[in-house]
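Asker: What follows is a single structure, and I will ask about it in a moment.
The values are calculated or read from the model by the stated rules, or taken from the named source; none is laboratory data. The shown structure was predicted, so the numbers you read here are calculated from the model rather than taken from an experiment. Heads up, the Cβs are rebuilt from the backbone with ideal geometry, glycines too, and the neighbour counts pull from every protein chain shown. In case anyone asks, the SASA skips ligands and DNA or RNA and just uses the protein heavy atoms, side chains included. Shrake-Rupley method; radii C 1.70, N 1.55, O 1.52, S 1.80 Å.
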Amino acid sequence: MMIYDTILVRLGELALKGKNRSQFESRLIHNINTCLFAFPQVRVHKTYGRIYIDLNGCEIEPIIEQLKKVFGIVSFSPAIRVAHDMNQIKEAALAIINDLERPPATFKVSARRTDRTFPFSSQEIPHHVGGYILAHREGIKVDVHQPDIEIKIEVREEGVYIMGNVIPGAGGFPVGTNGKVLLMLSGGIDSPVAGWFMLKKGVRIEAIHFHSYPFTSERAKQKVIDLTRILTTWGGRIRLHVVPFTEIQTEIKRTCPEDLLVTVMRRYMMRIAERVAEQIEATAIATGESLGQVASQTLDSMNTINRVIQLPVLRPLIAMDKTEIIEVAQKIGTFETSILPYEDCCTIFTPKNPRTKPKPKVLEKVEAKSGMDMEQLIASAIEGIEVIELKPQKPIDKTILNSWF
Ligand code: ATP
Ligand code: MG
């Protein structure tokens, strides 16, 4: 039997005052509604700086699973809401204890009263409720220091909430409260994790993927779509910009020295990403680079690649080890998709001995000598961008929004 009818949500309170706080809360409510789209009867509302979710008869477990993915929630608790009636409060508290999967040996009751008209004080409530539990459950003891379960009671004007378990939330900030970045998304393990870290900090993301059909297959592109869709379960809608990159790559391969192919290619990617970022009003680019992981991820290489653009490039994984990145990828659900064996455009053009210390001056010369018509090539790649809109768990809505640019 389902005993709970409400979930109480606790938000990160640090450093949030005044206007920021109310924006944070409104955005969080919006994001909770988005992640609970499959449960239309659920109602999310705010009362006196708290967020409550009225279940209206919905199963609680699937909702708990969804809430664990909403950034900006520090923790939440299933709750029973009753009237201002001590008997109902006692019964609800006992029901929560009886409903626990692991029977507790010890408990504690604490109370807060914001409704001063309630005839019992916040010291008296635990006393009455604790006594009732002791009388109705054999073998259980009170432990005020380290109880197996703490029953929290909140007496508010609109009702009394009785809570048991505290479930940890995802932390961070609500997505949409901290600006927007353009995520460079490959089909690998790292960049989806980098995107997840940005979402965790409340940053909205759009993704850009460079696709080199037919060197890379339709399925490689599908993999990136799938990864984006997994990220939407953490971040709501995400727009994926797929850039046709074949012509540029072919030209680079034809005209540039082999040991610098990757560096030149990355510089082109950056240039295109910056223009797209400007069009979508993103104020930074994010990548999945991690220092020293491969030849193109040395400081020299990043410096040389970075030179061609003005926008900041954020690299949330820079100091992480591969094993740590993999752990996160598994936790957030992208790993299984990332390891599917589809070629990406970099592996196909990766030379045997890439230069690990490419200097900016050398690259400028190489690019000038290549005779490539940079402006024309970039313009035509941008012209050919396909924009795919992805939403959480809904069927993929493939739309080519040429009017977008
Ligand atoms: P990942 O696991 O994210 O693919 P990686 O370890 O394979 O990273 P690289 O291939 O050197 O590293 O790529 C470094 C970063 O450049 C990636 O994390 C990603 O942000 C970006 N990137 C690489 N290839 C592409 C691509 N085809 N489209 C968009 N971004 C890309
Ligand atoms: Mg890669």
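Asker: Quick one: dipole size for the chain, taken about the Cα centre, charges +1 on Lys/Arg Cβ and -1 on Asp/Glu Cβ, in debye to the nearest 20. List each step's numbers first, then the result.
Answerer: On the way: 51 positive and 47 negative charges, 187 e Å.
Charge dipole, the chain, about its Cα centre: 900 debye, nearest 20.
Asker: For segment 193-208, in order, what is each residue's ³J(HN,Hα) by Karplus, 6.51 cos²θ - 1.76 cosθ + 1.60 with θ = phi - 60°, in whole Hz (x at glycine and Pro)?
Answerer: Calculated HN-Hα couplings, in order: 5, 4, x, 4, 5, 5, 4, 4, 7, x, 8, 6, 10, 10, 10, 10 Hz.
Asker: Next question. Of the listed pairs Lys180/Lys253; Lys322/Lys359; Lys46/Lys90, which have alpha-carbon separations greater than 31 Å here? Don't skip to the answer; put the middle values down first.
Answerer: Numbers: Lys180/Lys253 33 Å; Lys322/Lys359 26 Å; Lys46/Lys90 26 Å.
From Lys180/Lys253; Lys322/Lys359; Lys46/Lys90, over 31 Å: Lys180/Lys253.
Asker: Please sort by residue number the chymotrypsin sites (Phe, Trp or Tyr not before Pro) in segment 47-107 whose DSSP state is loop and whose Cβ has at most 10 other Cβ atoms within 10 Å. Please list the in-between numbers first.
Answerer: Working: sites: Tyr48, Tyr52, Phe71, Phe76, Phe107; in loops: Tyr48, Phe71.
Sparse-neighbourhood loop chymotrypsin sites (Phe, Trp or Tyr not before Pro): Tyr48.
Asker: May I ask you to list the trypsin sites (Lys or Arg not before Pro) in segment 41-84 that are in a DSSP loop and have at most 16 other Cβ atoms within 10 Å of their Cβ? Could the numbers behind the result be given before it?
Answerer: Values: sites: Arg43, Lys46, Arg50, Lys68, Lys69, Arg81; in loops: Lys68, Lys69.
Passing both the DSSP loop test and the Cβ count: Lys68.
Asker: While we're here: Leaving out ligands and nucleic acids, note down the accessible area per residue over segment 6-168 with a 1.4 angstrom probe, in whole Å². Please report the intermediate quantities before stating the final value.
Answerer: On the way: 8390 Å² over 163 residues.
With all protein chains present, segment 6-168 gives 51 Å² per residue.
Asker: Enter the angle in degrees (range 0 to 90, nearest 10) between the Cα long axis of helix 261-279 and the first principal axis of the Cα atoms of the chain, meaning the one along which they spread out most.
Answerer: Taking the Cα atoms of the chain, the angle to 261-279 is about 60 degrees.
Asker: Shifting gears a bit: Nearest 10 degrees is fine. How inclined is helix 360-370 to the longest principal axis of the chain, computing both from alpha carbons?
Answerer: With both axes taken from Cα atoms, the answer is about 50 degrees.
Asker: Once you keep just the Cα pairs under 8 angstrom separated by 6 or more residues, what percentage relative contact order results for segment 180-400? If you can, show how the numbers build up before the last one.
Answerer: Values: 395 pairs, mean separation 71.9, N = 221.
Relative contact order, segment 180-400: 33 percent.
Asker: While we're here: Largest first, please: the extent of the C-alpha atoms of segment 180-400 along each principal axis, to the nearest Å.
Answerer: Here the Cα extents, ordered largest to smallest, are 48, 37, 33 Å.
Asker: With θ set to phi - 60°, apply the Karplus curve 6.51 cos²θ - 1.76 cosθ + 1.60 along segment 211-216 and write out the HN-Hα couplings as whole Hz, x wherever there is a Gly or Pro.
Answerer: Karplus values, whole Hz, x for Gly and Pro: 10, 10, 5, x, 4, 10.
Asker: Okay, moving on. For segment 1-144, just run the numbers: alpha carbon Rg, then divide by 2.2 N^0.38 Å, N being how many residues it has. Provide the component values of the computation, followed by the final result.
Answerer: On the way: Rg = 16.9 Å, N = 144, 2.2 N^0.38 = 14.5 Å.
That ratio works out to 1.16.
Asker: Could you work out how far helix 124-136 tilts from the main Cα principal axis of the chain, as a 0 to 90 degree angle to the nearest 10?
Answerer: So the inclination is approximately 80 degrees.
Asker: Give me the accessible area per residue for segment 180-400, probe 1.4 Å, as a whole number in Å².
Answerer: Working: 9690 Å² over 221 residues.
That works out to 44 Å² per residue.
Asker: A further question follows. Mind checking which lysines have their Cα closer than 16 Å to the Cα of Lys69? Skip sequence neighbours fewer than 8 apart in that chain.
Answerer: Partners found: Lys200, Lys201, Lys331, Lys391.
Asker: Tell me which aspartates and glutamates have Cα within less than 16 Å of Lys361's Cα, excluding those fewer than 8 residues away on the same chain?
Answerer: Qualifying aspartates and glutamates at Cα under 16 Å: Asp259, Asp300.
Asker: Could I ask something else about it? What part of the accessible area of segment 6-168, given as a whole %, is carbon or sulfur when the probe is 1.4 angstrom?
Answerer: Working: 4140 of 8390 Å².
Here it works out to 49 percent.
Asker: Additional query: Can you give me the % of accessible surface on segment 180-400 that is carbon or sulfur? Probe 1.4 Å, all protein chains present, nothing else counted. Spell out each step's value before the answer.
Answerer: Details: 5170 of 9690 Å².
Here carbon and sulfur together make up 53 percent of the probe-accessible area.
Asker: Among Ala38, Ala284, Ala194, which one moves the most in a GNM of the chain with springs linking Cα atoms closer than 10 Å?
Answerer: Ala38
Asker: What list of ³J(HN,Hα) values in whole Hz, one per residue of segment 226-236 in order, does the Karplus curve 6.51 cos²θ - 1.76 cosθ + 1.60 (θ = phi - 60°) give from phi, with Gly and Pro shown as x?
Answerer: In residue order, the calculated couplings are 4, 5, 4, 5, 5, 5, 5, 5, 9, x, x Hz.
Asker: If you don't mind, there's one more thing I want to ask. Just Glu289, Glu206, Glu324 to compare: in a GNM of the chain, with alpha carbon springs under 10 Å, which one fluctuates most?
Answerer: With Cα springs under 10 Å in the chain, the top fluctuation among Glu289, Glu206, Glu324 is at Glu324.
Asker: Shifting gears a bit: Could you give the alpha-carbon Rg of the chain over 2.2 N^0.38 Å, rounded to two decimals?
Answerer: 1.24
Asker: Counting other Cβ atoms within 10 Å of each Cβ, which GluC sites (Glu not before Pro) in segment 27-118 have at most 11 and sit in a DSSP loop?
Answerer: When the GluC sites (Glu not before Pro) of segment 27-118 are filtered for loop state and at most 11 Cβ neighbours within 10 Å, Glu59, Glu101 remain.
Asker: Farthest toward the dipole's positive end in the chain, which of Asn56, Ile385, Met86, given Cβ charges of +1 (Lys, Arg) and -1 (Asp, Glu) about the Cα centre?
Answerer: The residue sitting farthest along the positive end of the dipole is Ile385.
Asker: Once Lys and Arg get +1 and Asp and Glu get -1 on their Cβ, which of Pro147, Trp196, Ile97 lies farthest toward the positive end of the dipole of the chain?
Answerer: Trp196
Asker: Compute a Gaussian network model of the chain, connecting alpha carbons closer than 10 Å, and tell me which residue from Thr287, Thr323, Thr232 fluctuates the most.
Answerer: Judging by the Gaussian network model, the answer is Thr323.
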